[in-house]
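Written out below as structure tokens is the structure these notes cover.
Rule-based calculations on the coordinates, nothing more; no lab input. Every value quoted in this text rests on a predicted model; they were computed, and no experiment measured them. Cβ placement follows ideal geometry from the backbone for every residue including glycine, while neighbour counts extend to all protein chains displayed.
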Amino acid sequence: MEGTIYINGEIGVNYKYSDALIDLERNKNASAIRIFINSPGGSFHEGMNIYNLFKRSGKQLFTENSGVVASMGVTLFCVAPKGSRYYDPDKGEFFIHNPWGEPSGDADYLAEASKLMKKAEKELVNIYSLATGSMPETIAGLMSIQTSLTSEQVESLGFAEIKHNVLKVVAKLNYKLNYYQMTDEELNVKINASADSVFAKIKDFFKKAGVIKAFVLQDAAGTSLDFGEEIRASDEIAVGSKATVEGKPAEGEYVLPDGVTLVFVAGAVTEIKPKEAEDEELAALKAENESLKTQLAESQSKVTDSVALVEGISAEFKAFKAQTTSDIKSFRAEKPEEVEKEIRKPFKS
């Protein structure tokens with residue numbers, strides 16, 4: 001038996017944790033649940049509570065989009081395992097971005113708010129990376145530039161299987177009562193405008209508090225990479241981060257003092273190459289080769305000594321042989337002296 005859950009509207013407003021509890025209770029006898037999502041996102045904490053609730057349900061989960069899937073809507077979409085998520089590009093947009101917020105308070109409060117937002121960002125990157133199998137750096141880069149994914153990107157990154165409609169028949173009346181009924185283009189414009197406004201306000205807060213300053217990083221050659229105010233530390237640099245060199249967009253490869261290489265195209269980081277490390281197997285072979293060289297040198301030394309010893313013995317033997325030969329040749333046998341024989345006479349009494 002397969003149950004269904006419909007998530008429509010803003011997370012934490014139109015769909016809450018209590019709604020998720022009711023939906024699970026309603027589907028308690030179902031072995032599998034198909035979750036349909038049409039949401040622009042919403043509260044991070046409310047969304048994570050719902051996500052964890054579904055994860056712990058013990059049900060076989062499937063997710064599909066019945067409209068737009070954005071922000072925390074994407075997180076809930078990823079609650080189903082890979083191969084059980086389906087996306088229909090004709091029904092709505094698929095949008096990922098870093099967490100947004102409008103905190104207000106003194107410098108300490110804003111600094112703490114920034115840490116919490118970064119923590120939330122890393123948590124989402126981890127969820128998306130595990131769900132898709134894509135590299136965390138790739139996901140982080142796309143989130144940082146507020147990306148509306150194409151159906152090809154959704155599929156190639158591993159977010160979902162694409163539902164391809166053989167025949168598309170359109171007959172609708174768009175009242176435009178709210179943004180759930182907007183066209184994809186109108187929704188994209190609205191989301192981007194909202195995001196720009198939020199980011200602008202947050203930056204103004206941090207600037208006034210003296211927290212945000214341009215981050216400049218020097219590479220091993222002394223070239224200064226200006227990352228502006230978006231980056232505050234080197235560990236925040238990811239694919240998509242932008243930088244300039246002498247006022248112009250960074251281009252090419254820049255090797256940092258720690259050996260990491262940043263690759264830029266038109267001012268944006270496209271690849272982060274780790275420090276080159278010697279292959280362990282190659283290093284082992286080199287060490288073994290050096291050991292064999294030492295052993296060979298020692299063996300050659302012993303052979304040289306042995307050859308010298310043999311040559312010395314051979315020379316002595318030759319000298320002995322020559323002397324012996326000479327002695328034999330010079331030897332003359334002499335006639336033995338005659339010995340007078342004693343004549344014994346018979347004894348007579």
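What the table below lists for this structure:
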| read-out | value |
| --- | --- |
| Too-long pairs where the Cα-Cα distance tops 24 Å, listed order kept, from 16/55; 16/119; 119/248 | 119/248 |
| Inter-label distance for residue 150 and residue 234, nm, one decimal - labels placed 7 Å from Cα along Cα-to-Cβ | 3.6 nm |
| Dipole magnitude (debye, nearest 20) for region 213-303, charges at Cβ of Lys, Arg, Asp, Glu | 160 debye |
| Pairwise label distance in nanometres, residue 226 with residue 287, each label 7 Å out on the Cα-Cβ vector | 4.8 nm |
| Two-site label geometry, residue 161 and residue 126: point separation in nm, points 7 Å out along Cα→Cβ | 3.0 nm |
| Per-pair calculated FRET efficiency, R0 = 51 Å: residue 216 and residue 66 via Cβ, rounded to 0.05 | 0.65 |
| Model label zone, residue 111; criterion: amide N under 20 Å from point 7 Å along Cα-to-beta-carbon; scope region 217-242 | 229-236 |
